[in-house]
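Below: the structure, in structure tokens.
The values are calculated or read from the model by the stated rules, or taken from the named source; none is laboratory data. Everything quoted here is computed from the prediction, not taken from an experiment. Backbone-built Cβ (ideal geometry, glycine too); neighbour counts: all protein chains shown.
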């Protein structure tokens, strides 16, 4: 007797997939959008020359229910051309060291991206095959640098903000200061301008990150998928017995 086993197998796989998609739909926190925080949409911009390693902090928010943290998708920075012929640009994510970048340990990640020579936004992403986990309620630093710094003749130019507003998920925040590496003192210094040093000029950038569900969430997805498969398998057995 011929059977339609291939068709039934296809139906079973579709049913299992549908169950998994339903499980994801029931977990809104686990499929949240990758947008995390940004000040790119705010006004008040000026140009800053990267003649020394330059850094602005960002803080990760608390994890919503069902999440353990985030993995970094990309950082988008705003640039404003070059002066001279700079080279060797790097965008890095550094850990925090007492409210300043931790330059003495290995960076959390050196991001990959194009050479930012034009007046536009540039995306920098983790290296291929690399996952960068961002801990909840933790401060990190976005650092721009290039070969041969400091230099008075060859440098990249980024945009800083004078408007301190921003948009982001709950608890996510971009810091209000711009820091630079003082090679003479061998230390990070906060940049202040104005007659009394009260004006702060953090870089303009945005962070995108994907939420990471707790292990129990994955177990739920698997259990629902397995349940759908068992249901389909038993249904096939009943149909076979009826046909016999």
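Points to keep in mind about this one:
- Boolean, residue 122 is in a strand (DSSP E or B), crowded, with 22+ Cβ neighbours inside 10 Å and in the same structural domain as residue 175 (by TED's automatic domain parsing): no
- Selection of the range 85-114 for residues being in a loop (DSSP other than H, G, I, E, B) and closer than 19 Å to residue 140 by Cβ yields 97, 98, 99, 100, 102, 103, 104, 105, 106, 107, 108, 113.
- Residue 15 being at pLDDT below 55 and exposed (fewer than 14 other Cβ atoms within 10 Å of the Cβ): no
- Condition met for residue 86 (in contact (Cβ under 8 Å) with a residue 12 or more places away in the chain and touching a helix residue (DSSP H, G or I) at 6+ places or on another chain (Cβ under 8 Å)): no
- Take the conditions (1) more than 24 Å from residue 63 (Cβ to Cβ); (2) touching a strand residue (DSSP E or B) at 6+ places or on another chain (Cβ under 8 Å); (3) touching a residue at least 40 places away in the same chain (Cβ under 8 Å); residue 134 misses just one of them, which is (1).
- Selection within the range 42-84 - at negative phi, outside any strand (DSSP E or B) and touching a strand residue (DSSP E or B) at 6+ places or on another chain (Cβ under 9 Å): 42, 43, 51, 52, 53, 60, 61, 63, 64
- Checklist (1) outside any loop (DSSP other than H, G, I, E, B); (2) modelled with pLDDT under 90 applied to residue 209, failing item: (2)
- Qualifying residue in the range 28-36 (condition: at positive phi and either at pLDDT below 95 or part of a loop (DSSP other than H, G, I, E, B) (or both)): no
- Among the numbered conditions (1) surrounded by fewer than 16 Cβ atoms within 10 Å (Cβ to Cβ); (2) modelled with pLDDT under 90; (3) in contact with a strand residue (DSSP E or B) (Cβ under 7 Å, 6 or more places away or on another chain); (4) farther than 24 Å from residue 88 by Cα, the only one that residue 182 does not meet is (4).
- Single residue of 148, 225, 197 found to be modelled with pLDDT of 65 or more and either outside any helix (DSSP H, G or I) or surrounded by 16 or more Cβ atoms within 10 Å (Cβ to Cβ) (or both): 148
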